[in-house]
Structure formats: structure tokens, C-alpha cells
Amino acid sequence: MKALRAVIGLATVMASSLPVLAASDPPPGAASCSGCHSGGVTGSSVSRLNGRDAGEIATAMAGFRDGSLPATVMNRIAKGFSDDELRAMAAWLAAQK
Amino acid sequence: MGVSRRISRRKFCSASAAAAVTALASPLPVLAQSAARIVVIGGGFGGASCARALKQIDPKLQVTLVEPNRTFTACPFSNNVIAGLRSIEEQKFGYDKIAASGITVVALEATTINAAARTVGLADGTSLSYDRLVLSPGIELRFDALPGYDEAAAAKMPHAWKAGEQTLLLRKQLEAMDDGGLVVIAAPANPFRCPPGPYERACLIAHYLKTKKPRSKLIILDAKDTFSKQRLFQNAWKELYPGMVEWISLSQGGKVNAVDPATNTLITDFGNHTAQVANVIPPQRAGRIAAIAGATDNTGWCAIDPVTFESRSAPNIHVIGDACLAGAMPKSAFSANAQAKTCANAIATLVAGGSPAAPKLINTCYSLAAPDYGISIAGVYHPKNGLLADVEGAGGVSPLEASRDFRAREADYAQSWFATITAEVFG
């Protein structure tokens with residue numbers, strides 16, 4: 001798991017111009033997601049993001065941001081992040097258990 | 001509850017003995033040799049989230065959560081309890097899982113803070129030492145701000161702005177009221193806990209009245225001219241509760257200057273309103289321990305560094321949740337939870353000798369205009385000019401024009417959010 005995180009962390013760093021973060025440090029915005037998306041909860045219609053494919057998360061966020069993917073609230077939230085930030089968030093969420 | 005006072009005390013005694021040894025050995029905290037001690041005061045959405053996040057980020061940290069209540073009663077969805085749509089039991093959460101996750105839960109009130117010595121004094125006369133202290137004390141209702149409104153008056157004219165007995169009192173008064181009665185909600189000026197809360201409450205009380213007491217009326221007396229999700233709420237009042245809800249703004253004479261609990265009367269410059277049920281939400285300030293810590297400014301709230309949430313006036317003390325002045329971020333449970341996780345990451349970095357990177361934070365607040373009619377406000381925030389500012393172009397409220405299906409989905413997401421966040425924090 002540690003090795004996997006390190007690889008993902010490295011990939012994130014290579015893919016973006018963001019400051020170098022330790023693999024475990026959430027990039028800007030990522031720590032907020034679990035307020036709705038920690039998942040595995042009875043009675044929740046909101047999807048779990050931890051451990052999900054990073055590409056899938058980043059693509060969905062880009063779609064929410066440009067309006068190509070319909071949403072109730074995620075369109076308003078996605079507009080607060082750059083491509084690099086969305087990729088970093090997606091990679092971090094994918095690496096979470 | 002699995003958190004017995006005896007166990008808490010024993011753990012605390014060994015912690016403070018260790019602290020004493022550390023203090024003798026060196027005037028500075030020896031972070032490299034021993035795990036950093038983080039004390040968190042306040043077991044609500046902010047404090048409990050922060051304690052859990054700290055332990056999750058670094059299991060070696062010695063994390064202590066100080067909270068006198070054995071049960072937390074959540075405010076979000078408590079308007080549903082007032083409207084008879086939900087049981088108060090669904091609002092209650094315990095600290096067993098938090099204690100089981102390696103956090104020392106101390107069920108005592110924190111009464112003093114010595115910022116120089118880095119100690120917290122507890123109600124039983126003992127104390128805790130810390131390297132970093134997190135305050136998440138929520139709000140204190142100001143019983144000195146509105147003439148006639150003190151703690152005794154609150155037993156007659158409930159605020160119901162801290163969930164629990166007050167929530168049930170307001171519920172009972174609504175149940176006892178005759179059809180055709182007048183309900184008045186007095187809403188305070190900014191800033192206050194849960195900016196859309198008074199207006200959601202108006203909706204859900206109106207939902208109850210429409211169903212059970214349709215000749216009744218609800219007036220909101222407001223100390224403001226604008227409020228959160230205003231157009232959405234006003235549209236919902238018209239659409240769902242026509243003729244039932246009246247909002248009187250500050251400039252229309254809505255500011256309540258005094259109350260008379262003996263007659264259930266709210267006094268404004270433009271006249272008196274005698275209510276069958278009066279819900280007075282008074283002005284607020286940071287929970288008392290924040291002032292004791294020297295972390296409040298002349299507003300009664302706590303100025304903080306937007307990267308670390310460290311107090312501007314009290315070093316090594318961080319303030320999160322409703323008590324802090326978080327710039328554009330509203331005082332909500334979602335904000336408190338997001339701030340808690342950001343603060344926990346910053347503290348973990350600081351105690352390891354690092355320098356925390358600038359964060360971004362998200363808030364999403366749902367309100368229910370009816371059980372199947374949800375509306376939301378969201379925002380993304382970043383540090384700017386020493387405050388947390390809106391990221392431009394992001395955030396905003398639900399669309400003014402939307403299908404009932406869209407509103408129903410937001411109502412469903414509201415429920416989902418509550419289930420998820422309470423599981424993350426207390427489960």
C-alpha cells in the first residue's frame with residue numbers, strides 16, 4: 001500500500017505543477033470531500049470516492065465543471081478547482097482506503 | 001457509554017505525569033523523542049472531526065478530546081424535530097467509537113487555559129498539558145444582548161439554537177398551540193450559527209402548521225435586510241405556504257429590540273408582536289472557553305490564520321468551527337468538519353517541524369423547504385489577504401428555477417449528507 005501510494009504520489013507530482021506534497025497529505029480541497037463522500041453509510045445516495053479510479057474522478061469533476069455532466073451541487077463546487085488541482089485531488093482520493 | 005470518568009482520569013493522570021517529566025527535562029516540548037500531545041476541546045462536528053482526523057493522519061499523536069456531555073445532539077435536521085418530522089433520538093451521537101479509535105475522551109468541562117504553560121484546567125481541578133490545543137467550542141448564546149432575554153426567558157421563549165431540550169420545548173409549544181395562533185421567529189444579525197437556519201425553520205414549522213393548524217401564521221422578525229438562500233426561501237414560502245409566512249426585514253422594522261417573556265411579546269421600533277409561540281434566536285459569540293483562552297477579539301469571535309486555523313492572538317491554540325472567524329465560510333457543520341480536517345493536517349505538519357501548504361476548503365449547506373424540497377448553498381474557499389475568501393466563479397445557490405424532482409434530489413442529498421458526516425465523525 002505504501003509503495004502504491006508513493007507511486008501515485010510521484011505520478012501526481014509529475015503530472016502537475018503543484019508544490020510537492022507528501023503522499024499522505026491531501027492536496028487543496030481533497031480533505032473536504034469525505035463530508036459527503038466517505039461512503040459505506042446506510043441511507044446515503046452519495047457515492048464513495050475513496051479507492052475509486054483517479055481518472056474516473058477527474059473526468060467526472062471536469063464534466064461537472066464544464067456542465068457536460070448534469071449535477072445539483074457538484075457543478076458549483078468543481079468550478080473552484082483547476083485541472084491540476086482536480087487531478088491531484090482525484091489521485092489522492094484514489095489512494096485512500 | 002464506554003467512556004468512564006475513571007478511565008479518562010487514569011489516562012489523563014499518566015499523560016500529565018509524562019508531561020511533568022518532559023517539562024522537567026526541558027523547557028521546550030521535545031517533539032522528536034515523544035509523540036506530540038494534542039488536546040481538542042469540544043466534541044461537536046468540529047472537535048470530534050479534528051480529533052479523529054489527527055489520529056488517522058498520525059496514529060502516534062496523543063490525542064485527547066475534552067467534552068463534558070456524554071451525548072452529542074446535532075443541530076442539522078433539528079428543525080425537522082421541531083416540525084414533528086423526526087425524533088430527537090436520531091440527532092444523538094455518542095463518543096464510544098471515538099474512544100475506541102485511540103483517542104482519550106475526557107468527560108469533563110475545560111474551565112481554564114494557560115497558554116504560556118500550555119495547560120488546560122478541568123472542572124475537577126486536574127489539568128492536561130498540550131503541544132497544540134484545538135478549540136471547537138461552538139457558540140455561546142448572548143443572554144446580555146437582547147433586553148428581557150436571559151436564560152430564564154429562554155424557558156418561555158425558546159431559542160432552540162443548541163439542539164436538545166430547547167428543541168423539544170419549541171416542539172411542545174407548537175403542538176400545544178391552537179389553530180389560528182401566531183408563531184414568531186426572531187432572527188439575529190450576522191454573524192451567527194447556521195445562516196439559513198431560521199428560514200429553514202420557518203419553512204418546516206409552516207409545513208407543520210399547514211398540515212395540522214392551517215389557520216395559523218408565522219412571522220419572521222429579522223435584524224437583517226438580506227439572508228442566505230433568500231430568493232429560494234421566498235419562492236418556497238410563496239409556492240408551498242401561500243399567505244402563511246411573512247418576513248419583516250430590518251428596514252421594515254423587523255429588528256427585535258427587547259422581549260417580554262411574561263406576555264410572550266417581541267418589541268420592535270415599529271410595534272409589538274405578541275406570539276402564541278415565540279422562538280427568539282439571540283445574538284451569539286464564540287463558546288466561553290475561547291475567551292478564557294484569550295482567543296477572541298472584540299467581536300466575541302476568534303480571528304485565525306486561514307492556513308493553520310491558529311489563533312491570531314493565542315499561540316499554539318487553533319480555533320475551528322462556529323467559534324472562528326473564517327472569512328467567507330459560513331458557520332455550518334459542514335464547514336466545521338472541513339476546517340477540522342484542514343486544521344488536523346496543518347497541526348500534524350507543524351508538530352513534525354514542517355510548514356503547512358495553503359489549503360482549499362469546501363462548504364455545502366442544505367436546507368429543507370419541505371421534507372421533499374431541498375435547496376443548497378455551496379462554496380470553495382482559499383486563503384487570501386489573511387482570510388478565507390471565496391474562490392471566484394465557484395459556489396452559489398441552487399437554481400431559482402428547478403423541477404420538483406430536482407428539489408427532491410437535493411432533499412435526498414441532504415439526508416445522505418447527514419448520514420455520512422455523522423458516520424465519519426461519530427461512527
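All of the numbers you see were taken from the coordinates with simple rules; none came from a lab. Owing to the predicted nature of the structure, the values given are computational and were not obtained by experimental measurement. All Cβ positions, even for glycine, are placed from backbone atoms using ideal geometry, and neighbour counts span all protein chains on display.
Applying the Karplus relation 6.51 cos²θ - 1.76 cosθ + 1.60 with θ = phi - 60° to the range B:371-377 yields 3J(HN,Hα) values of x, 10, 9, x, 9, 9, 10 Hz, where x marks Gly and Pro. Once every DSSP H run of n ≥ 4 in chain B is given -39500 (n - 2.57) and the sum is divided by its residues, what mean residue ellipticity at 222 nm do you get, rounded to the nearest 500 deg cm²/dmol? After summing the helix terms and dividing by the residues of chain B, the value is -10000 deg cm²/dmol. The angle between the Cα long axis of helix B:5-25 and the longest principal axis of the Cα atoms of chain B comes to about 50 degrees, rounded to the nearest 10. For the range B:85-92, putting each phi into the Karplus relation 6.51 cos²θ - 1.76 cosθ + 1.60 with θ = phi - 60° gives couplings of 9, 7, 8, 4, 4, 6, 9, 9 Hz, in residue order, rounded to whole numbers and with x for Gly and Pro. The angle between the Cα long axis of helix B:230-240 and the main principal axis of chain B comes to about 50°, on a 0 to 90 degree scale. If a spin label sat at a point 7 angstrom from the Cα of B:LEU250 along the line to its beta carbon, the backbone N atoms of the range B:190-204 nearer than 16 Å would be those of B:190-193, B:195-196. Across q = 0.12, 0.13, 0.15, 0.26 Å⁻¹, the range B:310-373 modelled as identical point scatterers on its alpha-carbon atoms has Debye log10 I(q)/I(0) values of -0.37, -0.43, -0.54, -1.20, in the order of the q list.
Round to the nearest 0.05 the FRET efficiency obtained for B:GLU401 and B:GLU109 when R0 = 41 Å and r is the Cβ-Cβ distance. Numbers along the way, then the final one.
Working: r = 49 Å, r/R0 = 1.20.
Once the sixth-power term is evaluated, E becomes 0.25.
Between the amide H of B:ARG142 and those of B:GLN284, B:ARG285, distances stay under 5 Å, these residues lying 5 or more places away or on another chain, with hydrogens modeled in the peptide plane. Residues whose amide H lies under 5 Å from that of B:VAL106, counting only those 5 or more places away or on a different chain, are B:LEU65, B:VAL66, B:GLU67; hydrogens are built 1.01 Å from N in the peptide plane.
How about the range A:30-87: which trypsin sites (Lys or Arg not before Pro) there are in a DSSP loop, with at most 11 other Cβ atoms within 10 Å of their Cβ?
On the way: sites: A:ARG48, A:ARG52, A:ARG65, A:ARG76, A:LYS79, A:ARG87; in loops: A:ARG48, A:ARG52, A:LYS79.
Hits after loop and neighbour filter: nothing returned.
Remark on B:VAL280: its backbone amide H falls under 5 Å from those of B:HIS159, B:ALA186, a criterion applied only to residues 5 or more positions apart or on other chains, H modelled at 1.01 Å from N. Starting from the Cα gyration tensor of chain B, take the square roots of the eigenvalues, sort them a ≥ b ≥ c, and report rounded, prolate or oblate (rounded when a/c is under 1.5, otherwise prolate if a/b is larger than b/c, else oblate). The shape class here is prolate. Evaluated over the range B:230-367, the count of Lys pairs having alpha-carbon atoms less than 25 Å apart is 5 (only pairs 8 or more residues apart or interchain).
The 3J(HN,Hα) values that the Karplus relation (6.51, -1.76, 1.60; θ = phi - 60°) gives for the range A:25-33 are, in residue order, 6, x, x, x, x, 5, 5, 6, 4 Hz. Gly and Pro appear as x.
Among B:385-392, B:198-205, the peptide with the highest mean count of other Cβ atoms within 10 Å heads the list, and the full ranking is B:198-205, B:385-392. Against chain B, whose longest principal axis is taken from its Cα atoms, helix B:333-351 shows a tilt of about 10°.
Compactness of the protein assembly as shown, taken as the C-alpha radius of gyration over 2.2 N^0.38 Å, stands at 0.98. Seen from every direction in turn and averaged, the convex hull around the alpha carbons of the range A:51-97 projects onto 3.0 nm². For chain B, a Gaussian network of Cα nodes joined below 10 Å ranks B:ALA291, B:ALA123, B:ALA348 by mean-square fluctuation, and the top entry is B:ALA123.
Of all aspartates and glutamates in the structure, those lying under 12 Å Cα to Cα from B:LYS210, and not within fewer than 8 positions of it along the same chain, are B:ASP179.
Legend: calculated FRET efficiency, B:LEU85 to B:SER355, from the Cβ-Cβ distance at R0 = 60 Å, rounded to 0.05, equals 0.80.
Give me the percent of Cα-Cα pairs in the range B:338-427 that sit more than 15 Å apart, rounded to a whole number. List each step's numbers first, then the result.
Working: 2761 of 4005 pairs.
I get 69 percent for the Cα pairs in the range B:338-427 exceeding 15 Å.
Its Cα gyration tensor gives the range B:154-304 an equivalent ellipsoid. The semi-axes, each the square root of 5 times an eigenvalue, are 27, 17, 15 Å from largest down.
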